[in-house]
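Participant: One structure follows; several queries about it will come next.
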Amino acid sequence: MEDIVLPNFWIKNPPYYWGELKEAPSYEYKKNQIIFLEGTEMDTIYLVKKGKAKLFLTGPDGSEKIVGYVGENSILGTSSLFEESKKYILSAAAVTNSTLIKYERQEFIDQVMSNPDLMMQVFHIMSIRIRSLTGQSLDLSFKHSYIRLCKALLELGVKYGKQAEDDTTFVDFKVTHNDLAELIGTTRVTIANHIKTLREKHLVETKGRNFIIRMNELKEDINKY
């Protein structure tokens with residue numbers, strides 16, 4: 001079976017160690033609360049201590065394009081960390097009630113630049129995001145929305161799946177049709193139609209806003225295209 005390159009939409013609890021950073025204040029964010037907005041002054045870097053957040057772009061008509069999700073131990077606000085513009089190029093919002101540690105931008109840079117281990121972690125995060133955006137761009141150009149959805153669901157299963165006795169995978173992450181539409185760059189109606197097709201193929205079931213996926217069969221279906 002051909003290897004499937006996952007889009008890296010979800011960065012779940014990366015194994016980084018931030019203990020060498022100086023202590024900084026933490027703040028509580030409620031579900032759906034904005035953390036920062038694209039185009040505003042990038043004066044703060046955020047470490048997700050608890051919860052989840054999403055990164056997104058906003059179109060001229062107010063529509064959102066979700067770029068990805070991050071979990072605990074991830075850093076937010078580094079996309080333009082070393083640019084002269086000092087503006088956030090993405091927006092971020094809490095997906096669940098979350099606790100974030102806030103670092104002043106220049107202080108964060110000074111600490112990272114003086115510590116090779118911290119520097120490598122930041123560069124690794126930035127490289128993951130670049131690879132993810134490149135992959136998303138290629139998929140939008142060359143892959144049908146059905147395949148983009150299948151790959152997103154497959155990644156959900158890998159990152160948040162719990163294996164069941166009947167060889168299915170329960171995804172412990174609530175996601176709506178609208179979330180998936182914004183994530184892969186299509187409409188909610190298209191997502192609904194594709195999920196109907198996946199149900200008819202017995203590849204996916206839904207339980208509320210959670211998915212139950214037959215991972216091996218879904219991989220085989222993707223490889224047919």
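No lab work stands behind these numbers, since they all come straight from the coordinates. Please read these numbers as outputs of a predicted model, since none were measured by experiment. Cβ atoms come from the backbone with ideal geometry, glycine included; neighbour counts cover every protein chain shown.
Participant: Peptides 86-94, 69-77: what's the order by average Cβ count within 10 Å, highest mean first?
Facilitator: 69-77, 86-94
Participant: Another question, if that's okay. Within 10 Å, Cβ to Cβ, of residue 66, how many net charges do the neighbouring residues add up to if Lys/Arg are +1 and Asp/Glu are -1?
Facilitator: Charge balance in the 10 Å sphere: -1.
Participant: Mean Kyte-Doolittle of at least -0.5 plus a Cα span of 30 Å or more along the axis: flag which DSSP H helices in the chain meet both, please.
Facilitator: Details: long enough: 116-142 (38 Å, 0.45).
TM-like helix candidates: 116-142.
Participant: Oh, and also: For segment 10-140, what value does the Rg/Rh ratio take when both radii are computed over Cα atoms and Rh is the Kirkwood radius, given to two decimals? Don't skip to the answer; put the middle values down first.
Facilitator: Numbers: Rg = 14.1 Å, Rh = 15.0 Å.
Expressed as Rg/Rh, it is 0.94.
Participant: Right, here's the next one. Past 25 Å, Cα to Cα, is the threshold; run 22/159; 49/87; 30/174; 12/196; 30/102; 12/174 against it and keep the listed order.
Facilitator: Values: 22/159 30 Å; 49/87 23 Å; 30/174 16 Å; 12/196 28 Å; 30/102 16 Å; 12/174 14 Å.
Those over the limit are 22/159; 12/196.
Participant: In addition: Of the listed peptides 47-58, 15-26, what is their order by residue-averaged count of other C-beta atoms within 10 Å, with the highest listed first?
Facilitator: For the peptides 47-58, 15-26, the packing ranking is 47-58, 15-26.
Participant: Rg (Å, one decimal) plus Dmax (Å, integer) for the alpha carbons of segment 93-176?
Facilitator: In Å, with Rg to one decimal and Dmax whole: 17.9, 52.
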